[in-house]
Ligand code: FEO
């Protein structure tokens, strides 16, 4: 059974995961429309993953006797100055999600809700993996170069990473 505080906080997290999904979708479109199909493919895959994160919480709330709310989702940024800026913005947003998950875990401990705390541990692991992944991508962009020639190689690199994550990797492969 969920306390009202936990139920409300989980519904806020649904909104955040939905926003994250749209953030990736917007970033994918920015890349796709500039001939960076590999980056686009990688980011479309992450948009799907974030929707799965949202739905996992959605089902959990109803299964635990609460009421999941379909979220109102504001439009994410649609303009980025460069690929480096785009991925730095994504990492900054993932750090916000991590902080929100940590706050949720703290709330569950305070409310003695061990079931939801247990459920959220998957998200704790997932956020660790996502932050690590996007730090790696940013390091690669800095190594290769955030310029037209560099973009060609970054696109090839991320096309491979997109294919690897589509086959299922990290905590993101859990259902
Ligand atoms: Fe599900 Fe990476 O936020």
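Computed from the coordinates by the stated procedures, all read-outs in this text should not be read as laboratory data. Given the structure is predicted, the values throughout are model-derived calculations rather than measurements. All Cβ positions, glycine included, derive from the backbone under ideal geometry; neighbour counts span all protein chains shown.
The peptide list 129-136, 142-149, put in order of mean Cβ contacts within 10 Å with the highest first, becomes 129-136, 142-149. Axis of helix 37-63 versus longest Cα principal axis of the chain: the two differ by about 0°, to the nearest ten degrees. Among 21, 82, the order by Cβ neighbours within 10 angstrom, fewest to most, reads 82, 21.
Taking other C-beta atoms within 10 Å as the exposure proxy, 114, 151, 128 rank 114, 128, 151 from fewest upward. Would you calculate a helix-derived [θ] at 222 nm for the chain, using -39,500 (n - 2.57) for each DSSP H run of n ≥ 4 and dividing by the full residue count, to the nearest 500? Value at 222 nm, helices only: -27500 deg cm²/dmol.
Between the helical axis of 114-144 and the dominant principal axis of the chain, each derived from Cα atoms, what acute angle in degrees is found, rounded to the nearest 10? Taking the Cα atoms of the chain, the angle to 114-144 is about 10 degrees. Percent relative contact order of the chain, based on C-alpha pairs within less than 8 angstrom and at least six residues apart? Value for the chain: 31 percent. Please determine, in degrees from 0 to 90 and to the nearest 10, the orientation of helix 83-110 with respect to the longest principal axis defined by the Cα atoms of the chain, where the helix direction is its Cα long axis. Value to nearest ten degrees: 10. A full extension of the chain between residue 111 and residue 156 corresponds to an added length of 11.5 nm, given 0.36 nm per residue minus the alpha carbon distance. For segment 45-81, the residues whose backbone nitrogen is under 11 Å from a point 7 Å from the Cα of residue 96, taken along Cα to Cβ, are 74-77.
From the alpha carbon centroid of segment 96-114 to that of segment 121-138 is 17 Å. Highest mean first, the peptides 83-89, 57-63 sorted by other C-beta atoms within 10 Å per residue fall in the order 83-89, 57-63.
Straightening the chain between residue 122 and residue 81 buys 11.4 nm, computed as 0.36 nm per residue apart minus the Cα-Cα spacing.
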